[in-house]
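Peer 1: This is the structure, below, for whatever I ask next.
Just so it is clear, none of the values below were taken in a lab; they were calculated from the coordinates. None of these values were measured; they are calculated from a predicted model. We place every Cβ from the backbone using ideal geometry, glycine too, and count neighbours over all the protein chains shown.
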Amino acid sequence: ELEGQERVFQERIDAGVKIEPKDWMPEGYRKTLVRQISQHAHSEIVGQLPEGNWITRAPTLKRKAILLAKVQDEAGHGLYLYSAAETLGVSRDALIAQLHAGKAKYSSIFNYPTLTWADIGAIGWLVDGSAIINQIPLCRCSYGPYARAMVRVCKEESFHQRQGYDLLLALCNGTPEQKAMAQDALNRWWWPALMMFGPSDADSVNSAQSTQWGIKLFSNDALRQKMVDQTVPQAEYLGLTIPDPDLKWNEERGHYDFGAIDWDEFFNVIKGNGPCNRERLATRVQAYEDGEWFREGLNAHADKQAARGAA
Ligand code: ACO
């Protein structure tokens, strides 16, 4: 039984009233949001790396312009989200320091390598596709700044998803080698994309509380099922085969049944032992150090302006 401020807070959530930065909130609510929003921000920033890897090798000028815009959008999403986290009383510098120290989580999916051009299509189609399914409900979550940030983010993710699918459509309508490349990308990205939604509901330690607080509106497994149901017909249209022998339409449930996820792989990746974890972190740290001279210049300029203003 909740009491006092905490009960009033829960009543506001239950009534669908948004919580704003200066409102009273339980410490646990603040912590949960800082955890989730910062992990989300880090995911956007680290998520630039696998795709950034292909900007210099995009096959045409048009594809290069699209990829550049998309990777730039992800940087914007990261900055948006760090700002949303800052409304909860934590600084962006502190969050980035946690990431660089290897103490912060970011999405498991960005620890896999992009081996071929088809991977760029698979990321847009499957990874950004999954991100949208997870993020559309967040537009209605209880914390105002996070919910509002998600509206624009989801619109841009929708463009990202479409460009990935369009890229794969071109490959699948191309030579047999191109189609094989698309199939190989699907084979490698399918299972990691399903893992993005987080552990099964039974193992999701944060779900119950986040659901009560209106941060999580659908369970990990429910959103994962939605992704499978939505994606199977899209794979069929491409003429590609989803790498799951147990995938089968279940008339009774009105959903696709699918095979068991390798949770050992998932937990291994989020512990820091995925194929690219070390490389991703090292690249981020290097980029931050390379930017030192620029931050110094910006600060010197700001100090000069402030001194002029004071005089
Ligand atoms: N990658 C890395 N860590 C994960 C993942 C994943 N795919 N899924 C779950 N985890 C972590 C959780 O962060 C949690 O760890 P923590 O308690 O140390 O923070 C732990 O596994 C247990 O999972 P849950 O209890 O289910 O955690 P939660 O309730 O936070 O649900 C979810 C996880 C669904 C990812 C939620 O945090 C969320 O919706 N986040 C916002 C969306 C997001 O971050 N997307 C990033 C990828 S999409 C993109 O950026 C393009």
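Peer 1: Go through 24, 238, 131 and say which Cα lies farthest out towards the positive end of the charge dipole of the chain; charges sit on Cβ, +1 for Lys and Arg, -1 for Asp and Glu.
Peer 2: Ranked along the dipole, the leading option is 24.
Peer 1: Give me D for the chain in µm² s⁻¹, whole number, from Stokes-Einstein with Rh from the Kirkwood sum over alpha-carbon pairs, 25 °C and 0.890 mPa s.
Peer 2: So the translational diffusion coefficient is about 117 µm²/s.
Peer 1: Ok, one more. Treat each spin label as a single point 7 Å out from the Cα along the C-beta direction, and report the residue 87 to residue 14 distance in nm.
Peer 2: Inter-label distance under the simple model: 2.5 nm.
Peer 1: Looking at the P(r) of the range 87-238, how many percent of alpha-carbon pairs lie beyond 24 Å?
Peer 2: Of the Cα pairs, 41 percent sit more than 24 Å apart.
Peer 1: How large is the dipole of the range 218-290 about the Cα centre if only Lys and Arg carry +1 and Asp and Glu carry -1, each at its Cβ, rounded to the nearest 20 debye?
Peer 2: 280 debye
Peer 1: How big is D, in µm² s⁻¹, for the range 173-238 by Stokes-Einstein at 10 °C and 1.306 mPa s if Rh is the Kirkwood radius over C-alpha pairs?
Peer 2: 114 µm²/s
Peer 1: Return the aspartates and glutamates within reach of residue 304: Cα separation strictly under 18 angstrom, same-chain partners fewer than 8 residues apart disregarded; answer none if there are no such residues.
Peer 2: List returned: 296.
Peer 1: Restricting things to Cα coordinates, could you compute the convex hull volume per residue of the range 208-311 in Å³?
Peer 2: Per residue, the Cα convex hull of the range 208-311 comes to 256 Å³.
Peer 1: Relative to the present Cα-Cα distance, how much length would full extension add between residue 268 and residue 202 at 0.36 nm per residue of separation?
Peer 2: 21.9 nm
Peer 1: When the scattering of the range 39-156 is computed by the Debye formula from its Cα atoms alone, each counted once and equally, what is log10 I(q)/I(0) at q = 0.16, 0.17, 0.20, 0.24 Å⁻¹?
Peer 2: -0.79, -0.89, -1.16, -1.45
Peer 1: May I pose another question? What whole-number distance in Å separates the alpha-carbon centres of the range 269-308 and the range 44-116?
Peer 2: Comparing the Cα centres of the range 269-308 and the range 44-116, I get a distance of 13 Å.
Peer 1: Ranked highest first by the average count of other Cβ atoms within 10 Å around their residues, in what order do 154-160, 260-266 fall?
Peer 2: Highest mean packing first, the order is 154-160, 260-266.
Peer 1: Could I ask something else about it? Starting from the Cα of residue 216, draw a straight line to each of the lysines and keep only those under 29 Å, dropping any in the same chain fewer than 8 residues away.
Peer 2: Partners found: 18, 22, 31, 70, 103, 105, 155, 226, 248, 271.
Peer 1: Then there's this: When N counts the residues of the range 42-87, how does its alpha-carbon radius of gyration compare numerically with 2.2 N^0.38 Å, as a ratio?
Peer 2: The value comes to 1.30.
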